1. Is it the case that A194 is at pLDDT below 85, surrounded by 19 or more Cβ atoms within 10 Å (Cβ to Cβ) and more than 17 Å from the chain's Cα centre (by Cα)?
2. Exactly one of these conditions fails for S232: (1) farther than 17 Å from A124 by Cβ; (2) open to solvent by 50 Å² or more (accessible area, probe 1.4 Å); (3) at pLDDT 85 or above. Give me its number.
3. Taking the stated definitions as given, is R83 among the basic types (K, R), open to solvent by 70 Å² or more (accessible area, probe 1.4 Å), at pLDDT 75 or above and part of a helix (DSSP H, G or I)?
4. Determine if the range 237-252 includes at least one residue that is surrounded by fewer than 17 Cβ atoms within 10 Å (Cβ to Cβ), touching a residue at least 60 places away in the same chain (Cβ under 8 Å) and on the phi < 0 side of the Ramachandran plot.
5. With the requirement that a residue be surrounded by fewer than 18 Cβ atoms within 10 Å (Cβ to Cβ) and within 14 Å of L197 (Cα to Cα), what does the range 220-229 give you?
6. For the subset of the range 99-135 comprising residues that are modelled with pLDDT under 75 and surrounded by fewer than 18 Cβ atoms within 10 Å (Cβ to Cβ), which member is nearest to the chain's Cα centre (by Cα)?
7. Could you count how many residues in the range 20-42 are in a helix (DSSP H, G or I) and either open to solvent by less than 30 Å² (accessible area, probe 1.4 Å) or closer than 12 Å to A5 by Cα (or both)?
8. Which of (1) at pLDDT 80 or above; (2) not in a helix (DSSP H, G or I) does T152 not meet, given it meets every other one?
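The values are calculated or read from the model by the stated rules, or taken from the named source; none is laboratory data. If you're wondering where the values come from, they're calculated on a predicted model, not measured in any experiment. Glycine also receives a Cβ, built like all others from the backbone with ideal geometry; neighbour counts cover every protein chain displayed. Accessible surface areas use protein heavy atoms only, side chains included; no ligands, DNA or RNA. Shrake-Rupley method; radii C 1.70, N 1.55, O 1.52, S 1.80 Å.
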Amino acid sequence: MTWHADQTMLGRYVSGDLGDASVLSIEAHLASCLQCRGALPSLVDSVRLDRVWVGVRDVVLAPRRRGIERVLTRLGVREDTARLLVVTPSLQLSWLASMFASLAFAVVASRMFGGQNLPFLVVAPVVPVVGVAWSFGGTRDPVREIGRTTATGGLRLTLIRSVSVVATSIVVTALLSIGLPRAGWAAAAWLLPALALTMLTLAVATAGVATEWAGAGVCAAWLIALLAASGSDPLAAFGPRGQSVVGVLLAMSTAVLMIRRDALETQ
């Protein structure tokens, strides 16, 4: 023989007046009692229920768009692409603030470094690499699982986020480079290495290496290469010969990424 909840208790359950222990007991009973479940609809305020369902439907079907998302759609970016961009970890305020602070520190260091741009040229190419690595950093990515199980993931998601992060990094870096002690082409020598290192990070990721580790390895290799190439001239790596080597690296990394793009689709 089993007990049944009376109308008074069911009414209090519907209105939310029961304590936690009683709620758990009622819900455990409702899971197996057809009679008590059948008594619930007459106790529910239909107007309130309709209002709740309308709210749920609006949230699911038409989630509130952020300010940046609205700006992107007005600029012609597709709604689904704009949604992918606004949830990118490397485009959040915390990352942008950290990037700005790091580059500003590099500008100050360059002005104190005998009027040379070296500190800035060393740091600037690393910024987009770290940003791209952070964009796919495990649990920090709010759409990680969705991206892995839909056609939006893989190469398309990688390129969308990488391009947006690199573009944002380039804009911020270019603006801060105005404060360097030596302007002109010397102040823009970071651009080609930034593109090459970012593409190299993505190429390494096609081998199944996590983007965080790929980015860390590329940044370490960058610093080692700078030390090895400096010799008597600290800026040798940013001269014509160094830029030529970086250009070749960019072309090779791009080729590897295109050839092995299927590896990103199946990760």
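1. On the way: at pLDDT below 85: no; surrounded by 19 or more Cβ atoms within 10 Å (Cβ to Cβ): yes; more than 17 Å from the chain's Cα centre (by Cα): yes.
So A194 fails the test.
2. Unmet for S232, out of (1) farther than 17 Å from A124 by Cβ; (2) open to solvent by 50 Å² or more (accessible area, probe 1.4 Å); (3) at pLDDT 85 or above: (3).
3. Values: among the basic types (K, R): yes; open to solvent by 70 Å² or more (accessible area, probe 1.4 Å): yes; at pLDDT 75 or above: no; part of a helix (DSSP H, G or I): yes.
No.
4. No - not one qualifying residue is present in the range 237-252.
5. Taking the range 220-229 and keeping what is surrounded by fewer than 18 Cβ atoms within 10 Å (Cβ to Cβ), we get 220-221, 223-225, 227-229.
Across the range 220-229, the qualifying residues are A220, A221, L223, I224, A225.
6. Among those residues, the one meeting the criterion is F113.
7. Initially, the range 20-42 is screened for residues in a helix (DSSP H, G or I), giving 20-30, 34-39, 41-42.
Now restrict to residues that are either open to solvent by less than 30 Å² (accessible area, probe 1.4 Å) or closer than 12 Å to A5 by Cα (or both): 22-23, 25-30, 34-39.
The qualifying residues number 14.
8. So T152 meets the others, but not (1).
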